[in-house]
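Peer 1: After the C-alpha cells below, expect a handful of questions from me.
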Amino acid sequence: MNPLNHVAIIMDGNGRWGLKNKESRNEGHKAGLKTVEKVIKETINQKIKYLTLFAFSTENWNRPKKEINYLFNLLESYLSNKIESFNKKNIKLNIIGTKNFSKKLNKLLNLSEKKTAHNTILQINLALNYGSKFEIINAIKKINKNNDKINEKNLSKYLETKNIPDPELLIRTGNTKRLSNFLLWQLAYAEIFFEKKLWPDFNEKDYVKIIKKFKKIKRNFGKI
Ligand code: IPE
Ligand code: IPE
Ligand code: MG
C-alpha cells in the first residue's frame, strides 16, 4: 500500500455546474464550497496530513470582473465563518500564491494563517493567485540573490511549498486533462487522476475510490 501524505486537487467545473443547474456560474462556485467541506472531512478521516486546493490561478484574473468579485467575496465570507471551526478541528491553513488582494482580504488571510498556525491534524494549502511558473522563477531569483547553489534541494526550499512533502496524488475534477500551471515542480512524480464529475458533484465516495486505487498503484520511480 502506498503511503499518502499529501493530496492536491484542481477543483474544476464549478462554472459549468452552475450554468447547468442554476443558470449561473456563480451558483456553481457557491455549491463547490460544500464539496470542499466534504473533502476536508474525508481527508481527516483518511489521516492525510496535507491537502492542497487550487482555488484561484494567476490566469483566472482574465475572467470577467463580476465573477472574480463574486469568488473573492465568497472566499471572504467562507474564511471569516470557518476559522473558528478550523481551530476546533485542529486544521492549519496555509496560503500559497501571491497575496495581493484587497487590504481587507489580505488581512483576513494573514489572520487566518496566524490563528491556525499551531494546528496539527491537517494542513490545508489554499492556492490563491497561484501560478507555478511564477513560483519557480521567483525561487530561482532568490537562489541567485543569496548566492546559493542551483540544485533540487535549494530550489524546493524557495518554493511556496517549502517544508511540505510533494503531493503523491493529484485529482482534477471537471473532465479536463491538463495541469493549468499548478505545482509543476512538485507534481513531478505524482499519480494523476482526472475525474469526469464537476467539482460540486464530487463527493466523499468518489474521493475514497480514488484514494483506494492510488494506494494499489505500483509506483516505480524509474525502477522496475
Ligand atoms: C473552477 O471552476 C473554480 C475556479 C477556477 C475558481 P471553473 O470556474 O473553472 O468551472 P468551469 O471549468 O468553468 O466549469
Ligand atoms: C484551474 O481551473 C484553476 C482552478 C481550479 C482554480 P481553470 O478552469 O482556471 O483552468 P483552465 O483555464 O480550464 O485551464
Ligand atoms: Mg475551469
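Peer 1: Looking only at region 106-138, filter to residues that are hydroxyl-bearing (Ser, Thr, Tyr) and under 15 Å from the mean Cα position of the chain (by Cα); which one of those is surrounded by the fewest Cβ atoms within 10 Å (Cβ to Cβ)?
Peer 2: At the first step, the residues of region 106-138 found to be hydroxyl-bearing (Ser, Thr, Tyr) are 112, 116, 120, 130, 132.
With the extra rule that they be under 15 Å from the mean Cα position of the chain (by Cα), the set shrinks to 130, 132.
Numbers: Tyr130: 24, Ser132: 21.
The qualifying residue surrounded by the fewest Cβ atoms within 10 Å (Cβ to Cβ) is Ser132.
Peer 1: In region 84-91, is there at least one residue being at negative phi, crowded, with 18+ Cβ neighbours inside 10 Å and in contact (Cβ under 8 Å) with a residue 40 or more places away in the chain?
Peer 2: The answer is yes; a qualifying residue exists.
Peer 1: Here's something else I'd like to know. Residues Ser102, Ser112: which one is under 15 Å from Leu75 (Cα atoms) and touching a strand residue (DSSP E or B) at 6+ places or on another chain (Cβ under 6 Å)?
Peer 2: On the way: Ser102 fails: touching a strand residue (DSSP E or B) at 6+ places or on another chain (Cβ under 6 Å).
Within the list Ser102, Ser112, the selection yields Ser112.
A short reminder: the numbers here are calculations on the coordinates, not readings from a lab. Treat the numbers as computed from the prediction; the structure is a model and nothing was measured. All Cβ positions, glycine included, derive from the backbone under ideal geometry; neighbour counts span all protein chains shown.
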